[in-house]
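A.B. asks: Before anything else, here's the structure in question.
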Amino acid sequence: MTKKSKALALHLFTIASLAGVFFILPEYHSGIVARVLVLTIYAMGYNLLFGYTGLLSLGHALFFASGMYGLGLAMQYLHLSPITGLIAGLAFAAFVSTVIGFLALRTSGVAFMIVTLMFAQAGYLTILLLGEYTRGDEGFVIKQSQRMISGFDLSDATNRYFVALALFSVCLLIIGWIVQSGFGKTLVAIRENEERAKMLGYNVQLHKWFAVIISGTMSGAAGAIYALLFGYVGATFATVQYSIFPLLYVLLGGAGTTIGPLIGALFMFYLIDISSQFTNAYLLIAGVALIFLTLYAPQGLAGVVRKHVIRWLP
C-alpha cells in the first residue's frame, strides 16, 4: 500500500471505530464524545495553520465565534433553516478569516501571535457591544423547534452524535487530502524553511493566506456546528481561553498529524472531566499533565507513535 492509501485506511478505521463505540458507551459518555468531535474539527482547523504551516495564532476563537454567531444570528433574526444557517456561518467565518489573514500576515513570529490575539479580543468586545442583538455574556438559546431538518431532530442524543461524527468525518478526510496534496506539502516546506521555499519559487505569502482562510473557515464550521447541535450561542466562545483550547489539543495530540487533534481533545476533555470530580483545581492538573507531556513527549502523543511505531502516520 502507498502512504496515501495507508493514511486513508487509518482515517476510515478511525471513523468506523467512532461509529461503533457509540453502541457500547453510556449516554453520558456518548454526549461527551459528540462534543469532543465538534471541538476536534476546531482543533483540526487550527492544526493546519500551526502544525503544518508553523503559524502560531492566539486568536482562533474569533473564527470559532464567527461561525457560531453567523449561524445563530441568521437563524434567530432571519429565521433561516439549519442548513441555510450553517452555510451562513461558514460564509461569515470564511469572510472574517480572509480579512484577518490578509491583515495579520503583514506581520510574522511573535507579532503575528499578538495581532491575532488583538483581533480576537476586538471580536469579543464587539459581541459585548452589540449586546442588544447578541445578548452579550448571557448569550441566547436556539430553540429545539428551530433545530429540525425535515423532522430530523438535532437535539436528540443519537442524532446529535452521528451528525457530529458525519461532519467530523468530512473534515478529517478533507484535512487528510490537503496534507497529502502539493499544497499541503508546500505548507510543510514553509514551516521547515520559509526562506528556502521562497528560493524555490513558491509564493509563500499566498500559501500562508490560503492556510489562514482554510483554517479559519474550518474553525468557523466547528462553531456553527456546535451552536446547531447544542443549541447555545454565547460570548464565552469568543474569549481567550477558546483560543488556547485548540492549541492545547494540538500540542497534546501531536502537531502536524491528522489524528493528533482528536487524541488531544479526548485526552484533555476527559482529564478535566475526571479531575473536576475530585477538586476545583482541575486546570492545575491539566497544566501539570501538559508540562510533563511537553517535557517527555514534545511531539505529542501521535507524534511519539509516528516516531517509534507508525512512521508513515500522516
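Quick note: the coordinates plus some simple rules give every number you see, no bench work behind them. The structure displayed is predicted, hence computed values, not measured ones. No Cβ is skipped: glycine too gets one built from the backbone with ideal geometry, and neighbour counts run over all protein chains shown.
A.B. asks: Nothing charged except the Cβ atoms of Lys and Arg (+1) and of Asp and Glu (-1): what's the magnitude of the dipole of the chain about its Cα centre? Round to the nearest 20 debye.
C.D. replies: 1000
A.B. asks: Please give the Cα centre distance for the stretch 1-80 versus the stretch 195-229, rounded to the nearest Å.
C.D. replies: Taking the Cα centre of each part, the stretch 1-80 and the stretch 195-229 sit 15 Å apart.
A.B. asks: With a cap of 16 neighbouring Cβ atoms within 10 Å, and only residues DSSP puts in a loop, list the trypsin sites (Lys or Arg not before Pro) found in the stretch 245-314.
C.D. replies: On the way: sites: R306, K307, R311; in loops: R311.
Within the stretch 245-314, the qualifying trypsin sites (Lys or Arg not before Pro) (loop, at most 16 other Cβ atoms within 10 Å) are R311.
A.B. asks: Dividing the Cα convex hull volume of the stretch 119-202 by residue count, how many Å³ per residue is that? Provide the component values of the computation, followed by the final result.
C.D. replies: Details: hull volume 15.8 nm³, N = 84.
Once divided by residue count, the hull of the stretch 119-202 is 189 Å³.
A.B. asks: If a helix is a whole DSSP H run, which ones in the chain reach 20 Å or further along their own axis (Cα) and hold a mean Kyte-Doolittle hydropathy of at least -1.0?
C.D. replies: Qualifying helices, which must be both long enough and hydrophobic enough, are 3-21, 27-47, 61-77, 82-104, 110-129, 157-180, 204-230, 260-275, 282-296.
A.B. asks: Suppose we look only past 38 Å in the calculated P(r) of the chain. What percent of the Cα-Cα pairs does that tail hold? All intermediate terms of the calculation are to be shown ahead of the outcome.
C.D. replies: Details: 5106 of 49141 pairs.
Percent of Cα pairs beyond 38 Å in the chain: 10.
A.B. asks: Which is farthest toward the positive dipole end of the chain among S30, A9, L86, measuring Cα position about the Cα centre, with Cβ charges +1 (Lys, Arg) and -1 (Asp, Glu)?
C.D. replies: Farthest along the dipole direction, towards plus: A9.
A.B. asks: Straight-line reach from K307: which lysines fall under 16 Å, measuring Cα to Cα and dropping same-chain residues less than 8 apart?
C.D. replies: K3
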